[in-house]
Structure formats: structure tokens, C-alpha cells
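These notes are about the structure you will find just below.
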Amino acid sequence: PASGAVAALDPRDGRELWHVRYGGGFSVVPRPVAGHGLVFVATGYARADLLAIRLGGTGDVTDTHVAWRTTKGAPLTPSLVLDGDELYGVSDMGVATCWDARTGNVHWQEKIEGGYSASPLLADGRIYFQNEEGVGLVVQAGKIYQLLARNELGERTLASSAVDDGTLYLRGAEHLYRIGKK
């Protein structure tokens, strides 16, 4: 992702393979994710934009390879999560969405509390959303929204969570938390 466009580069020599223009978007914070022959790119400027781009092609493929596109619920900062046929995301303003990855149809969309900088995390069939106020929401992965838990850290959290060997790590403004079995 770059200002105004996203490009696929050949890893051997850095040569551009293809690119898609997306206008004034310059947010390059969210990392792209790929699956089903698509790459999902979130970007924007003042208004977020989410594109599902078919892989392949040569040169400017803007008019031929954008499979679907939406602004509703798209993030400017948090990255997306792909799990099977479902694509999950949370907007910076706290709108969590589950899209059908292939079509862009919305399975569910919920306003969840807080603002978001951290990317959602998929682990053990659950999606973990950590808001900037230190509240973590755990949602069951799937086509129906089901809130499983709400947890408060008691301090500001901007960083994305990490998982290693069955342990969840959360970084707050003051502390690093390790949540797992002893």
C-alpha cells in the first residue's frame, strides 16, 4: 500500500507486477491480507476504504481486478483478519464487521464500545478486539455476532495483541500483560 495506490512487486527484483489506484487514500497502516485469490487492502484519507482485489494481471488493473469495495465499517488504522470465508475488521470509531470475503456481503455489523487503533486478533475460533480505553471484547468467529466476553485492563491500549504458544500478550500504557496457563 502507498499513497493513492497499492502495488504488487516481484520479490526477486522489486519490479512492479500490477497496481490499483484508490484515489486520495494515504493510510498505509493496516497490513493487507490475502486469500481466495484476493488481496484485501484498507486505506483512506478522512474516510476509510476497503478493497478486495483479484490477484494477477499486469500494469494498472484498477478497472478490471477490484472484485468489491466498501467504505462502511472499513478501518483506517486496524488491520483486517481473514478466517476461512469470513473477513473481520473494526473501524477506528468502533464498528466491527464480518464480511463474506468473496463477495463483500455483510454477515454482521455491530457498534462496539470505544475507538480502535489495535488490530483484531483471531485465536482459537474467537476474534479479540482491544479498544483504546483498555477494554477487550471477545467475539465468536462466524456469520452471526456473538459477544463472549468483556475484559477491562484499566489502562489505555493502542498496540495490537500478540499470541505465542497459547499465551496472549497485551501492551498497555503502563504494563505488559501475559494471559495464559502457568
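Taken over region 96-138, the residue count meeting the criterion of being closer than 11 Å to Glu86 by Cβ and aromatic (Phe, Trp, Tyr) is 2. Within region 139-169, the set of residues being open to solvent by less than 30 Å² (accessible area, probe 1.4 Å), at pLDDT 95 or above and part of a strand (DSSP E or B) comprises Val139 only. All of Asp49, Asp60 fail the test of being farther than 20 Å from Gly136 by Cα and either open to solvent by less than 10 Å² (accessible area, probe 1.4 Å) or modelled with pLDDT of 95 or more (or both), apart from Asp60. If you go through region 81-110 and keep only what is open to solvent by less than 10 Å² (accessible area, probe 1.4 Å), of a type outside the set (A, V, I, L, M) and either assigned to a strand (DSSP E or B) or in contact with a Cys (Cβ under 6 Å, 6 or more places away or on another chain) (or both), you end up with Tyr88, Gly89, Thr97, Cys98, Trp99.
Filtering region 1-34 down to residues that are aliphatic (A, V, I, L, M) and assigned to a loop (DSSP other than H, G, I, E, B), which residue is modelled with the highest pLDDT?
Going residue by residue through region 1-34, those that are aliphatic (A, V, I, L, M) are 2, 5-9, 17, 20, 28-29, 33-34.
Filter again for assigned to a loop (DSSP other than H, G, I, E, B), leaving 28-29.
Working: Val28: 78, Val29: 88.
The residue in question is Val29.
Among the residues of region 111-138, those identified as in a loop (DSSP other than H, G, I, E, B) and aliphatic (A, V, I, L, M) are Ile112, Ala118. So is Ala42 open to solvent by less than 10 Å² (accessible area, probe 1.4 Å), modelled with pLDDT under 95, under 24 Å from Leu17 (Cβ atoms) and assigned to a strand (DSSP E or B) or not? Yes. Search region 170-182 for residues being under 17 Å from Pro120 (Cβ atoms) and under 21 Å from the mean Cα position of the chain (by Cα), and hand back the single one that is most open to solvent (accessible area, probe 1.4 Å). For region 170-182, the residue satisfying everything is Arg171.
Of the residues making up region 82-99, those that are of a type outside the set (Phe, Trp, Tyr) and in contact (Cβ under 8 Å) with a residue 40 or more places away in the chain are Leu82, Asp83, Asp85, Glu86, Leu87, Gly89, Ser91, Asp92, Ala96, Cys98. Please determine whether any residue of region 71-80 is in a strand (DSSP E or B) and open to solvent by 40 Å² or more (accessible area, probe 1.4 Å). No, region 71-80 contains no residue that is in a strand (DSSP E or B) and open to solvent by 40 Å² or more (accessible area, probe 1.4 Å).
The values are calculated or read from the model by the stated rules, or taken from the named source; none is laboratory data. Note that the structure is a prediction, hence the values are computed from the model and not measured. Note that each Cβ is placed from the backbone with ideal geometry, even for glycine, and that neighbours are counted across all protein chains shown. Just so you know, the surface numbers come from the protein's heavy atoms only, side chains and all, with ligands and any DNA or RNA stripped out. Shrake-Rupley method; radii C 1.70, N 1.55, O 1.52, S 1.80 Å.
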